[in-house]
Amino acid sequence: MSERSYQQEVLDRYESSLLGVFGKPTRALVRGSGSRVWDADGREYLDLLGGIAVNSLGHAHPRLAEAIAKQAGQLLHVSNFFTTEQQVCLAESLLARAAAPAGSGVFFTNSGTEANEAALKIARRTGRTRLLALSNSFHGRTLGALSLTAKEAYRAPFAPLLESVDFVPAGDVAALARELAANDVAALFVEPIQGEAGVQELSADYLRAARELTAQAGTLLVVDEVQTGIGRTGDWFAHSAAGIVPDVMTLAKGLGGGFPIGAVIAYGEENTSLLTAGQHGTTFGGNPLAATAGLTVLSVIADEHLLENARLRGQQFRRALATLPGVREVRGRGLLLGIGLEADRAADIVAAGLARPELGLILNAPRPDTIRLAPALTISEAETSLACEALAELITDARKEA
Ligand code: PLP
């Protein structure tokens, strides 16, 4: 009888102690360094998913680890009856990077879904109740954000959700114009690149039209940059490439580099004043530890020129993968990429990646025909070459087996 490995033991204990909402994990990870992680049996992996666009600085970045450790020894948490310099600095830094006008303001949360809940409450304060989101949208799993999420399988078990949400086909300007015509919509929620839908990018023209139409209709434009923000696409925020200024932006994932933090930015005095004292709150949001993590992530991205690296490495992935037999197209921008396959082999490729001898590959399949890549913004040229070779091998093998 073969002995159960340490990793297997952890996985078995997981099954008997955690809710089964994520399915059964196949690996227990113990440590990481940059774009590499190791599992409980000592196997090494190249991490091309980065905790789903979270580990923006890779694993165990020395500056982030040191800043968090130092802050933990100084002040972990204060109630929101108080503030800290770290919290104020992070708010100022986000407003500056977002080029938000005077009078703008930030509210900190612990996750993306909470950031969208706060945006929803801002929208409700316009006095209107009707909301619009796009087909294939994903805005989170709490009941408000879930109401804005299109996928029926996520929604149906929890009906009834917010009743005043309508979905419009992503990219269809005429349909959006029709929905906004009655001037009764509080807010339109958009993801500049729909990550969970398989990395589907909205065109700059669509975003500009959405900006114009919502402004005419007195509707707030909320850009959900939870997955696309904080340098992921090669810009601080993905919507900036379209030259638009939203009314509200939501952030999370990459902002803490692995430490849980989210944020909502309300642009300008008019939007900032919609929520007044006592109308929203959180216990943990924006505590000094989370704020320190966020500040450090922003500084390292700037100091290590990671926006440029995201662009360059994104191009490198694209060049190597776009013309590969079995690949239909490569979607996305910077280091949020969707490899569209000719056949529904993504799940097999993800499993084969993990099982590769010597160096495993951590990938993700948001759709049966799409592999999503969201590696650390620090991934090197050599690691990207290695990743491309391994991906080419996996895609070619999957094609042979088809
Ligand atoms: N919005 C978008 C665009 C996301 O991709 C996600 C998570 O994948 C969320 C919101 C929800 O974020 P969280 O899982 O931190 O609640």
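Yes or no: residue 309 polar (S, T, N, Q), buried (at least 20 other Cβ atoms within 10 Å of the Cβ) and outside the structural domain of residue 123 (by TED's automatic domain parsing)? In short, yes.
Listed here are the residues, each with its yes/no results for (1) open to solvent by less than 40 Å² (accessible area, probe 1.4 Å); (2) closer than 23 Å to residue 357 by Cα; (3) at pLDDT below 95; (4) in a strand (DSSP E or B).
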site: 13; (1), (2), (3), (4): no, no, no, no
site: 17; (1), (2), (3), (4): no, no, no, no
site: 21; (1), (2), (3), (4): no, no, no, no
site: 24; (1), (2), (3), (4): no, yes, yes, no
site: 33; (1), (2), (3), (4): no, yes, no, yes
site: 37; (1), (2), (3), (4): yes, yes, no, yes
site: 46; (1), (2), (3), (4): yes, yes, no, yes
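Here residue 92 does not qualify as surrounded by 24 or more Cβ atoms within 10 Å (Cβ to Cβ), out of contact with any Phe, Trp or Tyr (no Cβ under 9 Å at 6 or more places or on another chain) and assigned by TED's automatic domain parsing to the domain that holds residue 287. Just one of the listed residues (131, 162, 75) is in the same structural domain as residue 235 (by TED's automatic domain parsing), open to solvent by 70 Å² or more (accessible area, probe 1.4 Å), in contact (Cβ under 8 Å) with a residue 12 or more places away in the chain and outside any helix (DSSP H, G or I), and it is 75.
Going through the stretch 295-306 one residue at a time, which ones are open to solvent by less than 10 Å² (accessible area, probe 1.4 Å) and either over 21 Å from residue 47 (Cβ atoms) or among the β-branched types (Val, Ile, Thr) (or both)? Within the stretch 295-306, 297, 298, 300, 301 meet the criteria. Here the condition is being open to solvent by 30 Å² or more (accessible area, probe 1.4 Å), aliphatic (A, V, I, L, M) and not in a helix (DSSP H, G or I); of 99, 65, it holds for 99 alone. Condition check for residue 197 on (1) away from the ligand (no atom under 13 Å from the Cβ); (2) more than 21 Å from residue 126 (Cα to Cα): one failure, at (1).
Checked against the criterion of being at negative phi and either open to solvent by 20 Å² or more (accessible area, probe 1.4 Å) or more than 16 Å from the ligand (Cβ to nearest atom) (or both), the candidates 250, 323 yield just one match: 323.
One residue stands out among those in the stretch 311-348 that are of a type in the set (Gly, Ala, Ser) and assigned to a helix (DSSP H, G or I): the one that is nearest to residue 228 (Cα to Cα), which is 314. Only one entry of 108, 189 meets the criterion of being aromatic (Phe, Trp, Tyr), closer than 23 Å to residue 263 by Cβ, more than 12 Å from the ligand (Cβ to nearest atom) and open to solvent by less than 40 Å² (accessible area, probe 1.4 Å), and that entry is 108. Checking each residue in the stretch 48-60 for being open to solvent by 10 Å² or more (accessible area, probe 1.4 Å) and among the hydrophobic types (A, V, I, L, M, F, W, C) picks out 49, 52, 54, 60. The single condition among (1) without any contact (Cβ under 8 Å) to a residue 60 or more places away in the chain; (2) touching a Lys or Arg at 6+ places or on another chain (Cβ under 8 Å) that residue 302 does not satisfy is (2). Of the residues that make up the stretch 1-8, is at least one at pLDDT below 95, among the acidic types (Asp, Glu) and open to solvent by 50 Å² or more (accessible area, probe 1.4 Å)? Among the residues of the stretch 1-8, at least one is at pLDDT below 95, among the acidic types (Asp, Glu) and open to solvent by 50 Å² or more (accessible area, probe 1.4 Å), which makes the answer yes.
The values are calculated or read from the model by the stated rules, or taken from the named source; none is laboratory data. All of these numbers come straight from a predicted model, not from anything done at the bench. Cβ: placed from backbone, ideal geometry, glycine included. Neighbour counts: every protein chain shown. Accessible surface is based on the protein model in full, side chains and every heavy atom, while ligands, DNA and RNA are left aside. Shrake-Rupley method; radii C 1.70, N 1.55, O 1.52, S 1.80 Å.
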